[in-house]
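A short write-up of the structure that comes next.
The values are calculated or read from the model by the stated rules, or taken from the named source; none is laboratory data. None of these values were measured; they are calculated from a predicted model. FYI the Cβ positions are ideal-geometry reconstructions off the backbone, even for glycines, and counts take in every protein chain you see.
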């Protein structure tokens with residue numbers, strides 16, 4: 001779903017003419033567009049980036065400019081990335097569940 | 001050639017770009033490190049390759065300025081050592097430690113121009129960690145750099161120039177703006193009208209956005225006090241008090257909020273710049289003379305990172321600081337230009353001071369937050385946690401950090417520091433300046449442990465400071 005999803009937090013309102021890129025989120029394929037940040041791709045498809053370590057539910061980013069560090073997302077292979085400053089690339093496999 | 005040694009510019013926004021322009025114009029080749037993949041800073045952030053919207057659509061009235069700044073930077077590319085996508089995570093003994101696409105690096109310098117910009121000045125409200133709640137700047141980036149709205153039905157809350165601008169940009173681009181809730185009151189603006197008029201065109205644009213929103217039927221309220229962002233699992237609405245003290249609820253799935261901008265000054269601290277409390281901004285700022293010199297030798301400051309004055313001032317200050325650097329290293333040109341720039345900056349400062357009074361930062365909000373409100377969103381430290389430690393001595397915010405983990409998380413206190421200081425000062429009944437500030441600590445941005453190891457191998461002496 002490169003366009004808008006009912007469940008999605010974000011709404012795409014322009015720049016829809018870009019090549020599609022498939023990434024995997026919690027094992028499911030998600031269609032993003034080249035130039036989407038990981039944060040954009042995840043929040044168009046859903047409303048979470050990760051579970052907060054200390055318990056008050058999901059987090060979905062905050063500042064979008066690399067300052068608040070709220071949007072670190074785990075990679076399936078281990079490691080993590082800052083979703084607001086990383087662009088999607090084909091083959092990216094992410095986990096947003098605990 | 002002047003006698004200036006290796007020069008490092010950190011930040012490629014309006015200030016960093018103009019500083020680089022001056023230095024290359026004098027035959028120097030500065031290193032320019034920037035966290036973003038392209039120059040422009042946050043204000044004139046560029047869209048990724050493949051996006052097609054015009055500058056006019058993205059930057060509105062500022063399109064020509066944005067395009068001129070981008071063109072200026074692009075024309076310098078061959079004459080600077082440009083390192084995009086690169087973060088400076090520490091500065092020590094005239095060496096900057098960076099991490100970028102090629103891994104870690106160290107950049108020794110003689111002179112340093114800090115053009116680090118700012119981030120949204122946020123005050124926590126109950127529920128601000130819910131998915132759907134973003135800073136005003138974040139809301140603008142989603143639109144400007146990604147062509148997305150932060151939600152299907154968005155409320156904008158806070159005060160400051162960005163509030164009406166972002167609301168206008170959303171409504172204009174086809175987003176749904178449920179309401180614009182301003183915590184400032186009209187009567188805050190009246191006593192400072194002369195100063196506001198010094199803003200000229202900037203003031204006119206601000207009023208134009210408000211009129212456009214009103215004409216297009218967007219709900220706008222002044223004198224509002226937020227109570228809580230609400231929702232189970234994600235945002236469903238905002239509760240607030242209107243100007244008459246009546247409680248109101250508005251349904252929304254996204255909130256963009258903030259009260260102006262606060263400077264990013266961690267690197268200035270690490271570069272040994274003295275910090276001073278600014279009573280108007282209620283923040284600690286690096287000391288900076290009228291020419292852009294910091295207190296540390298060889299360090300120059302420009303742009304919002306040296307005290308928030310906006311993008312036009314950032315261009316002037318970038319140019320001014322670079323000319324000052326040249327003058328300090330024996331270059332005799334530029335004196336008349338510096339005088340001119342300082343005159344322009346004084347006028348902008350008058351406007352800035354009036355704006356801060358007309359659209360005041362609601363300092364009492366933080367002190368009044370309920371005990372269970374999360375203040376430090378990295379570590380889930382609440383207002384109550386901060387208040388509980390109040391008997392400990394000394395009455396200082398780094399002490400609060402030690403007993404609560406406040407500001408010890410990934411963001412290093414960028415988001416919570418100012419609110420925590422307000423809460424602590426109020427609880428103790430002391431002036432804000434007395435509780436101090438969260439000290440900047442390396443690494444100022446999170447480093448993967450592998451990267452830290454690489455940096456340590458690269459320089460074993462540094463291993464202890466990572």
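Against the conditions (1) outside any loop (DSSP other than H, G, I, E, B); (2) facing another protein chain (nearest Cβ under 8 Å); (3) free of Cβ contacts under 8 Å to residues at least 12 places away in the same chain, where does residue A:40 fall short? Just the number, please.
For residue A:40, the exception is condition (3).
Considering only residues of the stretch B:193-218 that are in contact with a strand residue (DSSP E or B) (Cβ under 8 Å, 6 or more places away or on another chain) and farther than 26 Å from residue A:7 by Cα, which is surrounded by the most Cβ atoms within 10 Å (Cβ to Cβ)? Before you say what the answer is, go through the steps one by one.
Step one: filter the stretch B:193-218 for residues in contact with a strand residue (DSSP E or B) (Cβ under 8 Å, 6 or more places away or on another chain), giving B:210, B:213-214, B:218.
Now narrow it down to the ones that are farther than 26 Å from residue A:7 by Cα: B:210, B:213-214.
Numbers: B:210: 19, B:213: 21, B:214: 12.
Residue satisfying both the conditions and the ranking: B:213.
Within the bounds of the stretch B:312-330, is there any residue that is surrounded by fewer than 17 Cβ atoms within 10 Å (Cβ to Cβ) and not in a helix (DSSP H, G or I)?
The answer is yes; a qualifying residue exists.
Tally the residues that are in contact with a strand residue (DSSP E or B) (Cβ under 8 Å, 6 or more places away or on another chain) and either surrounded by fewer than 24 Cβ atoms within 10 Å (Cβ to Cβ) or on the phi > 0 side of the Ramachandran plot (or both), restricting the search to the stretch B:163-173. Steps first, please.
The initial filter retains those residues of the stretch B:163-173 that are in contact with a strand residue (DSSP E or B) (Cβ under 8 Å, 6 or more places away or on another chain), namely B:163-164, B:166-167, B:170-171, B:173.
Filter again for either surrounded by fewer than 24 Cβ atoms within 10 Å (Cβ to Cβ) or on the phi > 0 side of the Ramachandran plot (or both), leaving B:171, B:173.
Looking only at that region, the number is 2.
Tell me whether the stretch B:405-427 contains one or more residues that are surrounded by fewer than 20 Cβ atoms within 10 Å (Cβ to Cβ), out of contact with any helix residue (DSSP H, G or I) (no Cβ under 6 Å at 6 or more places or on another chain), away from every other protein chain (no Cβ under 14 Å) and closer than 18 Å to residue B:278 by Cα.
Within the stretch B:405-427 (the criterion being surrounded by fewer than 20 Cβ atoms within 10 Å (Cβ to Cβ), out of contact with any helix residue (DSSP H, G or I) (no Cβ under 6 Å at 6 or more places or on another chain), away from every other protein chain (no Cβ under 14 Å) and closer than 18 Å to residue B:278 by Cα), the answer is no, since none of the residues qualifies.
State the number of residues belonging to the stretch B:295-306 that are surrounded by fewer than 24 Cβ atoms within 10 Å (Cβ to Cβ) and either free of Cβ contacts under 8 Å to residues at least 12 places away in the same chain or in contact with a helix residue (DSSP H, G or I) (Cβ under 9 Å, 6 or more places away or on another chain) (or both).
Initial filter on the stretch B:295-306 (surrounded by fewer than 24 Cβ atoms within 10 Å (Cβ to Cβ)): B:295-298.
Still in the running and either free of Cβ contacts under 8 Å to residues at least 12 places away in the same chain or in contact with a helix residue (DSSP H, G or I) (Cβ under 9 Å, 6 or more places away or on another chain) (or both): B:296-298.
The total comes to 3.
Given the residues B:114, B:123, B:136, which is the only one that is in contact (Cβ under 8 Å) with a residue 60 or more places away in the chain and more than 14 Å from chain A (Cβ to nearest Cβ)? Don't jump to the end; show me each part of the working.
Values: B:123 fails: more than 14 Å from chain A (Cβ to nearest Cβ); B:136 fails: more than 14 Å from chain A (Cβ to nearest Cβ).
Every option except B:114 fails the conditions.
This table checks each residue for (1) over 30 Å from residue B:289 (Cβ atoms); (2) in a helix (DSSP H, G or I).
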| position | (1), (2) |
| --- | --- |
| B:338 | no, yes |
| B:341 | no, yes |
| B:356 | no, yes |
| B:375 | yes, no |
| B:423 | yes, yes |
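Quick grid of which residues meet (1) part of a strand (DSSP E or B); (2) over 12 Å from the mean Cα position of the chain (by Cα); (3) free of Cβ contacts under 8 Å to residues at least 24 places away in the same chain:
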position: A:8; (1), (2), (3): no, no, no
position: A:21; (1), (2), (3): yes, yes, no
position: A:24; (1), (2), (3): yes, no, no
position: A:48; (1), (2), (3): no, no, no
position: A:54; (1), (2), (3): no, yes, yes
position: A:61; (1), (2), (3): no, no, yes
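As an exercise: evaluate residue B:153 against (1) surrounded by 23 or more Cβ atoms within 10 Å (Cβ to Cβ); (2) touching a strand residue (DSSP E or B) at 6+ places or on another chain (Cβ under 6 Å) and give the number of the one condition it does not meet.
(1)
If you take the residues in the stretch A:52-79 that are exposed (fewer than 15 other Cβ atoms within 10 Å of the Cβ) and at negative phi, which one is modelled with the lowest pLDDT?
Only one residue tops the list, namely A:56.
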